[in-house]
1. I want to confirm something. Restricting to the range 628-652 and keeping residues that are modelled with pLDDT of 85 or more and assigned to a helix (DSSP H, G or I), which single residue is surrounded by the fewest Cβ atoms within 10 Å (Cβ to Cβ)?
2. Is it the case that Leu315 is farther than 18 Å from Leu400 by Cα, assigned by TED's automatic domain parsing to the domain that holds Thr293, touching a residue at least 12 places away in the same chain (Cβ under 8 Å) and crowded, with 17+ Cβ neighbours inside 10 Å?
3. Answer with yes or no whether Ile231 is under 27 Å from the mean Cα position of the chain (by Cα), outside any loop (DSSP other than H, G, I, E, B), surrounded by 13 or more Cβ atoms within 10 Å (Cβ to Cβ) and in contact (Cβ under 8 Å) with a residue 40 or more places away in the chain.
4. It is to be established whether one or more residues within the range 344-361 are hydroxyl-bearing (Ser, Thr, Tyr) and either surrounded by 19 or more Cβ atoms within 10 Å (Cβ to Cβ) or not assigned by TED's automatic domain parsing to the domain that holds Gly302 (or both).
5. When you scan the range 164-175, how many residues do you find that are surrounded by 20 or more Cβ atoms within 10 Å (Cβ to Cβ) and free of Cβ contacts under 8 Å to residues at least 60 places away in the same chain?
6. Restricting the range 329-343 to residues that are surrounded by fewer than 17 Cβ atoms within 10 Å (Cβ to Cβ) and over 15 Å from Asp382 (Cα atoms), which is modelled with the lowest pLDDT?
7. Go through the range 138-180 residue by residue and tally those that are in contact with a Pro (Cβ under 8 Å, 6 or more places away or on another chain) and part of a helix (DSSP H, G or I).
8. Cβ-Cβ distance below 8 Å, separation of 6 or more or different chains: which pairs start in the range 183-195 with a residue that is under 15 Å from Gly222 (Cα atoms) and end on one that is assigned to a loop (DSSP other than H, G, I, E, B)?
Amino acid sequence: MHIAPDLQLPSLPEVTLRALDACHQDESYRKISEIVSADTALVARILALANSALYGPSTPIRSVDQALLRLGTRRFHTLVLTAALRQLLFELGGEEWQQLRDFWRHSLTTALTARALATLTRYPEPDEAFMLGMLHNIGELIAIKTPATEAKQHYLDHQSDIAAELVASWGLGPMAADAMRYQQALPSELRDAGHLVKLISLATRLALSDAAGIAAAGTVFGLNEELTREINRRIGHEVSGMAASMGIPLDEDYCGESASRQLKQTILRQAMANQAINLADLTGETEDILAETVNSLTLITGLPALCFGHTGDNLVLLSGTIGDIPELAVTAKPGGSVLTEAFISGLPVSLGERSPTVLDRQLLSLLHTPSLLAVPVKGGDDCPGVFALGTDNDHLPTTLELADIFTRQLSSVLANRNLATASAEAGSEGLDQEIARERLRKQVHEVSNPLTIIRQYIYQLRGRLEDAGVQQELDVIRDELDRAGNLLLQMSHTDAVGPGDEGVELNTELESLARILEDSLFSSGNRNLKLSLCSEPTRVAASTTRIRQVVINLVRNAAESLPEDSGTVEIHTASPVWQNHRTWVELEIKDTGRGIPGEIRDTLFSPVKTTKGEGHSGLGLSIVKQLVDDMEGIIACRTGQEGTTFRILLPAASHKKNETD
């Protein structure tokens, strides 16, 4: 029986709800990946789409993280919403709900066990083992949603072959298909089998928590009973914690009807909010759109509302659903009212039991309600406005959910509109896209000519000088001119690949950068930049541009944390470093500054204000984190009164996994 690779399978409604909420809250890829990875149906749907013909003959996806990056935020959000809508179409009875919960627990236990065994036995791709653990019994999930008894039994009897067929159709490779196909092989037959086959087979047995699984661990990998039982205990604790975080009961009878109703309500509220926003005139300026949509907010909540727009330093009352609107402008600074607090925090704020300020009382008087809820509209880094809703405390949770959904969708509309406007303004009026590209290519050519001439003069000047130090500095300038030329080339050919992708010798780059940084950041007082570079090769699988951005950002931050006339910043490298069964090159940047305050450490890599003084937005560390993530690296920080150290692990070039394997 052939199985279509693009399956529509049931999920636990609690998991779908949590995934929808994560999308709604714009949570990080990593957080979304944790949620999605815990559900076989969502994993299957994502892999099928990410490895589909939609993306052409690209490198096959081998993990959920890779799949999410390929899909992108908007397409993934659409996928989750579609999965949620289809979830409402599955008609499951009491016994089938119980089977679905038990299936979820077993598949997650198997996946976590497979990843733990992969780490323990030094399999190089633990995430791949986890993903296949989630998919190993997908035939059982197909059977749960199948009404016909005969077909249901067929799926149950051929689970291994079904999983192997699907994994192969998704392009996960022959070894992954074999791991599915031979998952029920006897332990004695697995001694010389492939590593991945042994991992999945043993994980499926250990997930049953019986004596046979304990014995199999000794046969397959030589694990003793005490260690195996400890693995089982820890995995069981992790599964229980994940179930509790999603509200899934494991120790009692389960029925998903209640969660399904909640899922249905959430989907309906999102649809209501979207429909209400579309009723408004969305063609004007941002202030006009905000003023228009206050009627839509009242339409879906049934509550009186006011709309305040951010103009200059004030929040100005633009419109409302209360009749005549008075002139009212308040300072957009902390003043204790729910309105200004919502504007500054970017979060909904309810009056609740707090003592109202004078402004709160004014708003309550206009709204004629006993309580008040302020909900901000987000527009990237800005807050263009705040809605004030008149409420009562009895219906606050429902009102808050509806208003939050409404403002988030409105924020998305405004962001897309602003992006479209910016794109339109960027193009030359009356010219089509091809003509604009041709003009850009000509301009790039004109700019490139003087760069080439300057580079030739530097080459000639270098030949006339005998000072090796000056020659090295000229080499740095020449490299930067080459980099500028490469950037210009990428501007004119947006699909061009930079030459730095083959890897870069980290120590060489650091030596070049040190000469520039010493002159610009350490030329005054007793401030020192110290290099402590290892003697081993330090070639990393990263581009020169990203390496330089990371180092310059971190060294600049470190220098600015030092006292005005003293202190040291040290750059240290070590190679090779082994961690998580991979080979890395370590880069450490350490300063003797005043350390990072506690309130900033909690959001260290988020764009927040820093302690470096005026003019610093705090975006540097956020950019560094993103760049390190893009290079598949790891970054950590330790800080105290003696200073701050950033430790970065970058994949060694000679040991980076070939993505086409």
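The values are calculated or read from the model by the stated rules, or taken from the named source; none is laboratory data. Model, not experiment: these values are computed from the prediction. Using ideal geometry, Cβ is built from the backbone for each residue, glycine included, and neighbour counts are taken over all protein chains shown.
1. Here the answer is Asp629.
2. On the way: farther than 18 Å from Leu400 by Cα: yes; assigned by TED's automatic domain parsing to the domain that holds Thr293: yes; touching a residue at least 12 places away in the same chain (Cβ under 8 Å): yes; crowded, with 17+ Cβ neighbours inside 10 Å: yes.
In short, yes.
3. Values: under 27 Å from the mean Cα position of the chain (by Cα): no; outside any loop (DSSP other than H, G, I, E, B): yes; surrounded by 13 or more Cβ atoms within 10 Å (Cβ to Cβ): yes; in contact (Cβ under 8 Å) with a residue 40 or more places away in the chain: yes.
No.
4. Taking the range 344-361 as the starting set, the residues that turn out to be hydroxyl-bearing (Ser, Thr, Tyr) are 345, 350, 355, 357.
Of the ones still in play, those that are also either surrounded by 19 or more Cβ atoms within 10 Å (Cβ to Cβ) or not assigned by TED's automatic domain parsing to the domain that holds Gly302 (or both) are 350.
Yes: one or more hits.
5. Total meeting the criteria: 2.
6. Gly335
7. So the first thing to find is which residues in the range 138-180 are in contact with a Pro (Cβ under 8 Å, 6 or more places away or on another chain), and the list is 141, 144-145, 166, 168-173.
Restricting the remaining residues to those that are part of a helix (DSSP H, G or I) gives 141, 144-145, 166, 168-169.
Within the range 138-180, residues that are in contact with a Pro (Cβ under 8 Å, 6 or more places away or on another chain) and part of a helix (DSSP H, G or I) number 6.
8. Leu190/Tyr182; Ala193/Tyr182; Ala193/Ala185; His195/Thr121; His195/Tyr123
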